[in-house]
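The block underneath contains the structure these notes are about, expressed in structure tokens.
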Amino acid sequence: MFEKPASDAAGHIGVAAEKRMKKDWPFYWVSRVSARYSQVLERRLKPLDLDVARWRVLMSLYEDEHLSVSEIADYAVIKLNTVTKIVQRMIADGLVVTRVRPSDGRVTEVCLTPEGDRLRRLARKEADQVFAASFVNITPDELAQLNGLLEKVFLQLEGA
């Protein structure tokens, strides 16, 4: 369980407690896991001429066939202007196309081309291998609990 660092009357954390902060600070581990995952995935995607940001766009479009650029940005956790540039490059590479959203002519939607879907399938195989290696000693119940806790923290951070 998380051990609250000892503090004095003014709320200052003691030196001994600060030195244990990495071990006891969940964001330390979340950041490290995220960075390690990105490094490993980036290495696996490089032969496919993909980076993690483009992979996130591909995967966003796989789960939802047509998404607006802002919806992709939200799902992929990438800034809107960055997603716009990525989508423009992916259009030039023949991986995605755009259309006007039928229900709202003000919204431009993005969807995968057959080539984009082919590349998405190849990239997903690489990601699946990283996933399998990462969670080999984690039970399905532990994984569900981890996902539930991370989602809870994510939602709580929205109002922080």
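The values are calculated or read from the model by the stated rules, or taken from the named source; none is laboratory data. Just so it is clear, the model here is predicted, and its values are computed rather than measured. Cβ: placed from backbone, ideal geometry, glycine included. Neighbour counts: every protein chain shown.
Please verify whether the range 19-28 includes one or more residues that are at pLDDT below 90, touching a helix residue (DSSP H, G or I) at 6+ places or on another chain (Cβ under 6 Å) and closer than 30 Å to residue 101 by Cα. No, the range 19-28 contains no residue that is at pLDDT below 90, touching a helix residue (DSSP H, G or I) at 6+ places or on another chain (Cβ under 6 Å) and closer than 30 Å to residue 101 by Cα.
Each residue in the range 130-147 was checked for being in contact with a helix residue (DSSP H, G or I) (Cβ under 7 Å, 6 or more places away or on another chain) and surrounded by 14 or more Cβ atoms within 10 Å (Cβ to Cβ), and 1 pass. Pairs are defined by a Cβ separation below 9 Å, a sequence spacing of at least 6 or placement on different chains, a first member in the range 127-150 that is in contact (Cβ under 8 Å) with a residue 60 or more places away in the chain, and a second member that is of a type in the set (Ser, Thr, Tyr) and in a helix (DSSP H, G or I); the pairs so defined are 130/37; 134/37. Counting just the residues of the range 104-129 that are closer than 23 Å to residue 37 by Cβ and either of a type in the set (D, E, K, R) or touching a His at 6+ places or on another chain (Cβ under 7 Å) (or both), which one comes out surrounded by the most Cβ atoms within 10 Å (Cβ to Cβ)? Restricting to residues being closer than 23 Å to residue 37 by Cβ and either of a type in the set (D, E, K, R) or touching a His at 6+ places or on another chain (Cβ under 7 Å) (or both), the top hit is 120. Exactly one residue out of 101, 89 is surrounded by 12 or more Cβ atoms within 10 Å (Cβ to Cβ) and modelled with pLDDT under 95: that is 101. Across the range 55-82, the qualifying residues are those that are among the β-branched types (Val, Ile, Thr) and surrounded by fewer than 14 Cβ atoms within 10 Å (Cβ to Cβ), and the one among them that is farthest from residue 154 (Cα to Cα) is 82.
Would you kindly identify the helices (runs of 4 or more DSSP H) lying entirely within the range 54-160 that contain at least 3 residues that are more than 23 Å from residue 26 (Cα to Cα) and either in contact with an Asp or Glu (Cβ under 7 Å, 6 or more places away or on another chain) or basic (Lys, Arg) (or both)? Steps first, answer last, please.
On the way: elements: 69-76, 80-92, 114-134, 140-158.
Hits in the range 54-160: 114-134.
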